[in-house]
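See below for the structure under consideration.
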Amino acid sequence: MHAPHISENVWWIIAIVMSAALLAVWLPILPSAKSRNQVALIPLMGVLFLSTMGKLRGHDLTTLLSIYSTVVLAFTLGAVGRKEDVRIAVRQGEDPLGTPTSKSDPANRRLTIQYSISIAVAFALWAWLKYGQ
């Protein structure tokens, strides 16, 4: 199956929509203003990081926007439906994916499984869009 060609303008739209989706999923589930402020900076920091790295490595803007959108998609899908699990992890002061000592906690296990699947799905979609000819 051939991947569709997506123009740079469409990638900008996808990146903006994915950023809005990330904020729509993450901001309501975080328990503190500090954690919400940190998540609100993710789109800005992602664009700054990728644009800097893209210039250093010589990537075009279309590739950078596709990478950004893929990463944001993975983090958005990873948190969908896991409000209580994320809140528990954030209240414990832990990484939402868990630490080695808390991996046995069911909330962290569910988050880890969902994030692993969402990262694999997002990467497969990106690889198909990038290389599927």
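No value in this document is a laboratory result; all are computed from the given coordinates. Because the structure is predicted, anything quoted here is derived from the model rather than measured. Glycine also receives a Cβ, built like all others from the backbone with ideal geometry; neighbour counts cover every protein chain displayed.
Each residue in 50, 27 was given a count of other beta-carbon atoms within 10 angstrom of its own, and listing them fewest first yields 27, 50.
What does the charge add up to near residue 64, with Lys and Arg as +1, Asp and Glu as -1, over the other residues with Cβ less than 15 Å from its Cβ? Net charge around residue 64: +1.
When 70, 52 are arranged by Cβ crowding within 10 Å, least crowded first, meaning fewest neighbours, the order is 52, 70.
At q = 0.22, 0.23, 0.25, 0.27 Å⁻¹ the log10 of I(q)/I(0) for segment 12-85 amounts to -0.95, -1.00, -1.12, -1.23, computed by Debye summation with a single uniform scatterer per C-alpha, solvent ignored. Using a cut-off of 12 Å between beta-carbons, work out the net charge of the residues near residue 79 (Lys and Arg +1, Asp and Glu -1, residue 79 not included). Local charge sum for residue 79: +2.
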